Each structure stands twice: as structure tokens, then as C-alpha cells.
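Below is one structure; the comments refer to it alone.
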Amino acid sequence: MRYDLSGRLVVGIASSALFELTESDAVFREQGEQAYRAYQEEHVDDVLAKGVAFPFVRRLLSLNDLSDKADPLVEVIILSRNDPDTGMRVMRSIKAHGLPISRAVFRQGRASHPFMPALNMSLFLSADGSDVRDAVADGLPAGHVLATARTDDESDPELRIAFDFDGVLADDAAEQIYQAAGIERFRAHEVRNAATAHDPGPLRDFLAGINRIQRREEDRRQEDPAYRPRLRVSLVTARDAPTHERALTSLKQWGLRVNDAFFLGGIDKSAVMKALDPHIFFDDQVSHLNGTAPATPSVHIPFGVANAPARAPRSGRRTGPATPGQA
């Protein structure tokens with residue numbers, strides 16, 4: 001029987017985001033592929049520890065109890081550079097942790113993100129920054145999961161998701177104006193276009209999928225007044241009044257919504273994140289994520305002008321020694 005993904009929220013995740021792979025990764029980098037294969041075979045039944053995105057994935061999959069078991073709302077699929085043999089440990093660890101993940105793509109040494117459209121994925125998460133940048137360069141919605149010291153409270157049933165706006169939910173057209181002409185030109189442009197929605201950014205469709213599940217929760221609450229919704233979405237942006245209006249207009253015209261909105265106008269996001277305590281936060285700017293990541297599971301979306309390579313000096317000559325990537 002054909003299994004149709006078109007009506008589901010589908011997330012792709014690399015094993016590096018789902019599990020803690022520091023030890024096995026070190027074997028690969030320091031001793032090579034054959035040693036890595038031997039290591040994974042020797043430890044195939046050793047359960048991998050939970051990684052940064054594990055709490056997010058576990059809670060997202062738990063929302064499938066809102067639907068018939070044969071017709072889940074959420075599908076999570078492994079996208080991996082492992083081959084099927086070395087990926088065996090990943091699949092056994094998934095089973096040991098009780099995660100309902102049964103589908104996987106193993107591509108020995110090759111990127112899996114080109115298969116995202118075929119699998120109807122609206123998000124791919126990986127701890128490998130280069131894989132994520134390649135996916136985003138190909139126009140796909142991907143995020144680089146950053147290390148965190150946060151300890152998950154597994155007794156908390158709620159799933160809290162936080163999004164930046166420009167370069168994440170929306171495109172980076174406004175950010176381009178800010179970068180080129182400064183804050184006042186940015187504000188004037190956004191006020192002038194307050195009634196016009198932005199073009200969608202990389203994670204607009206992912207939020208749409210989240211909203212579909214929230215509507216299912218609302219239906220459940222109508223049937224059962226004792227039901228408490230578990231999924232909560234926040235917008236956390238450096239915008240403030242009056243530029244906040246275009247962000248809200250965009251969401252409304254897209255047919256999307258958030259539960260909370262924080263228009264911070266330059267206030268440090270990390271302080272807000274500590275109070276909000278989301279299970280995952282998406283932002284396109286590393287300068288923000290450097291502050292949030294230590295205490296909040298944070299994901300870098302390397303999209304748009306904020307992530308463009310630094311321009312060379314006008315003379316065309318380097319001002320310092322070349323890095324290995326430049327040599």
C-alpha cells in the first residue's frame with residue numbers, strides 16, 4: 001500500500017543532530033573510514049546518548065497521538081552520510097530510545113538533502129554545518145544544530161518552538177535594506193510596505209505544518225475541554241514598532257499564526273530565551289545564537305545576506321594569513 005507523505009509534517013534529521021556522536025566522529029576523523037566501520041560494528045548494540053535535537057524530535061513525534069496510528073501527523077526520517085552497515089547503530093539506538101522512526105536514507109559519504117523534495121520535507125536538521133549550507137544553497141529548508149548545555153525536563157509534555165522572522169520565516173529582503181542603508185531606511189521601507197506580505201523564507205512551510213497540528217489540538221480541546229494543548233509557537237525578533245506591523249501582516253496573509261510575539265528592538269535575545277525556555281530556536285544570525293545556544297537548543301539557518309561570505313578588501317589583497325579553506 002502506498003504511503004503518502006503529502007499531508008504530513010515531514011522532518012529530516014541527521015544522526016549528528018539526534019544523538020551525541022562526538023566519540024565515533026573522532027574515530028572517523030582521526031583514524032579513517034575503516035577504523036570507524038570497525039568501531040561502529042563493535043559498538044552496534046551500545047545505545048547512543050541523546051543529542052541536542054532529541055527533546056524536540058521526541059515531543060514532535062508524541063503529537064501523533066492526535067491522529068489515527070495508521071495515519072500519523074508527523075513523520076521523522078533519518079538522512080545520513082553513513083552507509084547502511086554503519087547506520088545500524090543509529091537505527092538500534094532509535095529503537096532503544098522508543099522513538100517511532102522507521103524510515104531512513106543512508107548515502108555512503110554523500111549528501112542526502114537532494115532527496116528532501118521527494119520526501120516532502122519542510123525541515124532538515126544536522127550538526128554538520130557544511131551539509132546544512134549546501135542544502136540551503138540548493139534552496140532547501142535546513143538548519144545547523146548548535147551544541148548546548150541545556151538539560152531536558154522529560155516530565156514537561158509541552159513542545160515550545162521559537163522563530164526569528166527575517167531570514168527564517170520571511171525572506172531577507174528587509175535585512176538587505178538594513179545591511180545596505182541602515183536602520184532608518186529599513187524602518188521607512190517596512191512602514192511604507194506595512195500592508196504587503198514578505199515573500200516566504202526557508203521555514204515558512206515548516207510553521208504551516210506546525211499550525212496544522214495546532215488546529216488538530218484545537219479540535220481535540222473542543223471535543224474534550226480537559227485537553228491541554230502541548231504545542232506553543234513564539235516569534236522572537238529584533239524588530240520593534242512600527243516595523244512589527246509588516247511581520248504580523250505577513251503571517252496573517254500567509255494564513256499562519258504564533259502564540260507569542262517578542263519585538264525586542266535590539267534587546268539581547270538570550271535573556272528572553274532563558275525565560276521562554278523553548279525546546280528549539282531558529283535564527284539566521286550567528287551573533288544572536290552565540291548568546292542563546294549555551295542554555296537553549298539553537299539552530300542556525302545560514303540563509304540570505306546575513307550569511308553571505310565576507311567581501312574581500314577593495315584592493316583585492318588579503319590583510320592576513322590564509323586559512324586552510326582559502327589557501
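The values are calculated or read from the model by the stated rules, or taken from the named source; none is laboratory data. Remember, predicted model here, so these are calculated numbers, not experimental data. Don't worry about glycine lacking a Cβ; one is built from the backbone with ideal geometry, like all the others, and counts go over all protein chains shown. Only protein heavy atoms, including side chains, enter the accessible area calculation; ligands, DNA and RNA are left aside. Shrake-Rupley method; radii C 1.70, N 1.55, O 1.52, S 1.80 Å.
Among the residues making up region 57-74, those that are in contact with a helix residue (DSSP H, G or I) (Cβ under 9 Å, 6 or more places away or on another chain) and open to solvent by less than 10 Å² (accessible area, probe 1.4 Å) are 57, 60, 63, 74. List the number of the failed condition for residue 141; all other conditions in (1) within 29 Å of residue 52 (Cβ to Cβ); (2) open to solvent by 70 Å² or more (accessible area, probe 1.4 Å); (3) of a type outside the set (A, V, I, L, M) hold. Only one criterion is unmet by residue 141, namely (2). Counting only residues that are open to solvent by 30 Å² or more (accessible area, probe 1.4 Å) and within 19 Å of the chain's Cα centre (by Cα), region 199-219 holds 4 of them.
Among the residues of region 157-177, those that are over 17 Å from the mean Cα position of the chain (by Cα) and under 22 Å from residue 277 (Cα atoms) comprise 157, 158. Note on region 162-197: among residues that are of a type in the set (Gly, Ala, Ser) and part of a helix (DSSP H, G or I), the one that is least open to solvent (accessible area, probe 1.4 Å) is 174.
For (1) closer than 28 Å to residue 54 by Cα; (2) in contact (Cβ under 8 Å) with a residue 40 or more places away in the chain; (3) exposed (fewer than 14 other Cβ atoms within 10 Å of the Cβ), each residue gets a yes or a no:
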site	(1), (2), (3)
221	yes, no, yes
243	no, yes, no
267	no, no, yes
284	yes, yes, no
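Just the residues that are touching a residue at least 40 places away in the same chain (Cβ under 8 Å), part of a loop (DSSP other than H, G, I, E, B) and loosely packed, with under 14 Cβ neighbours inside 10 Å, please, taken from region 1-45. Selection gives 6, 45.
Listed by position, the helices (runs of 4 or more DSSP H) inside region 51-147 whose residues that are small (Gly, Ala, Ser) and more than 27 Å from residue 201 (Cα to Cα) number at least 2 are 88-96. The sole residue among 260, 283, 277 that is within 20 Å of residue 127 (Cα to Cα), at pLDDT 95 or above, among the acidic types (Asp, Glu) and touching a strand residue (DSSP E or B) at 6+ places or on another chain (Cβ under 9 Å) is 283.
Restricting attention to region 107-132, the residues that are touching a helix residue (DSSP H, G or I) at 6+ places or on another chain (Cβ under 9 Å) and either small (Gly, Ala, Ser) or over 15 Å from residue 17 (Cα atoms) (or both) total 10.
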